[in-house]
Amino acid sequence: MRILFALNAFRPLIDGVGVSIERQANALAERGHQIAILAPSNRFADTLDIYPNYQIYRLRAIPLPRRRQRVPLLIGRRVTRILRGFQPDVVVVNQPFLLSRVTWHAARTLGFPLVGITSMMPEWFLYNLPTLRPFAGIIDQGIWRLMARYYNQCDHVVAVTGTALDLLRQHDLVAPASVISNGVPLNLFHPRPRDCQLVERFQLPKKPTVLYAGRLDAEKCMSVWLQAAPLIRQQLDAHFVIGGEGSERAALERLARSLDVADSVSFVGFQSESVYPRLFSLADAFAITSPAELQSIVTLEAAASGLPIVAAQAGALPELVHDGVNGRLVPFGDPGALAAALLDILTGNALRTRMGEASRAIAASHDFCQTVDAYEAVYQEVAAIRRRVRQPALA
């Protein structure tokens, strides 16, 4: 099959959607499928990047002020030409905005089969555009209805969790739909001994350690995560490792200094693909405070790495973190509850071991090989059905 993915962000900007699609694209290419990706360009020009397993059509884009994202401009005709030229059997879209929406519209016009993958929650807007917060209720309902209408015009919808599918159906999704996890490569993410090279590289002390890895943007609510650090240190000499980059990193570093825990927090930044899976070996527990996760790939990776997890009881995180089994769920925005849960895990060796083993078992049900099998089956089914007639539109 020829499969085209349309993304609003892709490398060098790293986010969960881009990571999951890149893994999927590589796996499908290894099975003999031809893969193309539409993504914003790093400059105001169209380019074509050729990689061993796929090609990337990058469309001219401008940067957002004070943000890492880039916004494509005047790309409708270019997207149409790419679709005509590549002739995909299936077009895969995610968000109902920007490049993904332009591609969705062009694919519908030309009659190419469409698969929509869920990838966002409305909270993203409320945290990254704080002027909208007074209208949170209206915006939340409006965006969910917008997404349901968008996905209803797809031939098939893939929700990455049952939570995501339930939310869309509550807002009138009627299109055929499946739940397919983003999945995790169990061969890359697995329990490991503490990586001595990384310990030396990052100059980490030999102390109980809590890890977060991922984007450091507003919707991740990492200020709550950091506010738990001094509360933990009142009872336990612990250390904290934060991996990743984002618009909030500088503010978080200032917060660590103001909380007088800067010496106990290591910001290790973005890590290469060869180093990143080893990062989880540095920790005794993983913590995530984001309220806006439709699944959370990094939480899957932490589970596969055999870590107990403390997570906000929000979004789809309870599907991965089973309270009292492989970790703890705590009220969103409560650093005291977060600290108490982490202290229980960090000071309880038997509890930590049991929860880590349970995390690995939960992750096993999200084996990435199963994810690729499921996506491949959906794409083949959609390509075979083709509810729209293509030939007149392509003439």
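Based solely on its DSSP helices, what 222 nm [θ] is calculated for the chain when runs of n ≥ 4 H residues each add -39,500 (n - 2.57) and the sum is averaged over all residues, nearest 500 deg cm²/dmol? Mind showing how you got there, number by number?
On the way: 15 runs with 163 residues, N = 395.
It lands at -12500 deg cm²/dmol.
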Post the alpha-carbon centroid distance, region 132-184 to region 1-38, in whole angstrom. 21 Å
Helix 98-110 versus the longest principal axis of the chain: what angle, 0 to 90°, nearest 10, using Cα atoms? 30 degrees
Cut-off 14 Å (backbone N to label point 7 Å along Cα→Cβ of Cys196), residues of region 271-294: none
In nm, to one decimal, how far is the modelled label at Arg11 from the one at Thr109, with both set 7 Å along Cα→Cβ? 3.1 nm
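Under the definition of Cα pairs under 8 Å and six or more residues apart, what whole-number percent is the relative contact order of region 196-364?
24 percent
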Between the Cα axis of helix 136-152 and the main Cα principal axis of the chain, the angle (0 to 90°, nearest 10) is 40 degrees
Dimensionless Rg over Rh [region 196-364; C-alpha; Kirkwood]: 0.92
Quick one: if the Förster radius is 25 Å, what FRET efficiency do Ala364 and Ala29 give, using the C-beta to C-beta distance and rounding to 0.05? 0.50
Mind putting a number on the dipole of the chain about its Cα centre? Charges go on the C-beta only, +1 for Lys and Arg and -1 for Asp and Glu, and I need it in Debye to the nearest 20. 1420 debye
Tell me the Rg and the Dmax, in Å, that the Cα atoms of the chain produce. 21.3, 72
Can you tell me the length gained on complete extension of the stretch Lys207 to Thr131, counting 0.36 nm per residue apart and subtracting the Cα distance? 23.3 nm
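All of the numbers you see were taken from the coordinates with simple rules; none came from a lab. Keep in mind that what you see is a predicted model, and the values were worked out from it rather than measured. Neighbour counts run over all protein chains shown; Cβ positions are idealised from the backbone, glycine included.
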